[in-house]
Amino acid sequence: MIGRFVRAAGLQVILLGSVAVGATFVALMLRVLHGTDVLIFIATAVALAGLAAVVGEATDELGARMGPAATGFLQSALGNLPELFISIFAINAGLVVVVQTALIGSVLANALLVLGLAFVVGGLRHGTLKFEAATTRMTAMLLVLAVASLAIPTLATAPGAPDYGHTVDLSVITAIVLLVVFAASIPTAVRGTFGPAHSAHPAEGAWPLAASIAVLGAAGLGAALVSDWFVEALRPAMADLGISEEFVGLVVVAIAGNAVENVVGVLAAARNQADLAVSLILNSALQVALLLTPVLVLLSILLGGPALTLSTQLLLIAALGLAALLAALIVFDGEATWLEGLALIGLYVIIAASVWYGPPVAGS
């Protein structure tokens, strides 16, 4: 079975696995030898990106045996494993601001930076990109709901507002509503994105089933372990580098946690697979907003640590609203050019710069 797996996996998967294992080993050695927190932070970030890539490959192989609908469900459930683990450990470490901004940053990075890169790369190579508009409009509409899910709790719990002092209660209610909407959106999203299900016998050269499950399990455990190291090094690394929690969450953690979807989406656009690229990128943002965020809100309360709420800074709400609006305007007609992609990237850079000068984190 091992020989068949090696032949089926191919050079790309073996390389990704080697990067993940190598970076994890380097991080372990740095911890044992008391290396600097910045180096441990970098090594664990690379390891997480590699492990996320391995999870993505194994999910695709397992999903190929179950049909496209099951693949979409698996990607939704497993694609955010590294970010889920990072967030749980960070909440327990009291880094609620990092988690909150990382979740918002994931939506911003996908809806602006990655979608923009996909349109720039695909547009320069193939001209105007064309994609199915109906499903994309539905995704853009749900992103607007994600903006409202942050804006209303923030405004309603401000001093003098009707729900002042009930931030946690309103966040729980909102989280439950978001999960209901996400569950209701799955059938439509699956039909619109993938079309009707088909019989899914493993293709020639596919991974053995046992190997796919084993790789998923090993990568998931590795992601949990490395996420703990990553969070341990996070606060001192931020202090050493003199950067704010907002910037780390909004940019660094958000991009690292979604590395796989980022690369796959841009490569799909480069191959002129615009439908696949837009679906992957926008659905990744949507899953963070409607699934991962409410799950973490509820988990933070059940775990008994600092509560993650949906009340945040007005700057981040405005940034998320502008991002959803610009992305919706661009994808609404089912077409995009490289210049529209550049506009998305430009807005992302401006938003990132707006939190660069936040107060640096004190050393721990």
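Each reported figure results from applying straightforward, stated rules to the coordinates on display, with no laboratory input. Here the structure is a predicted model, which is why all the values come from computation and not from measurement. Cβ atoms come from the backbone with ideal geometry, glycine included; neighbour counts cover every protein chain shown.
Exposure proxy for Glu340, Glu335, Glu83: other Cβ atoms within 10 Å of each Cβ, ordered fewest to most, give Glu335, Glu340, Glu83. Put in order of Cβ neighbour count within 10 Å, fewest first, the listed residues His34, His126 become His34, His126.
Panel order for Arg235, Arg125, by other beta carbons found within 10 Å of each beta carbon, from fewest to most: Arg125, Arg235.
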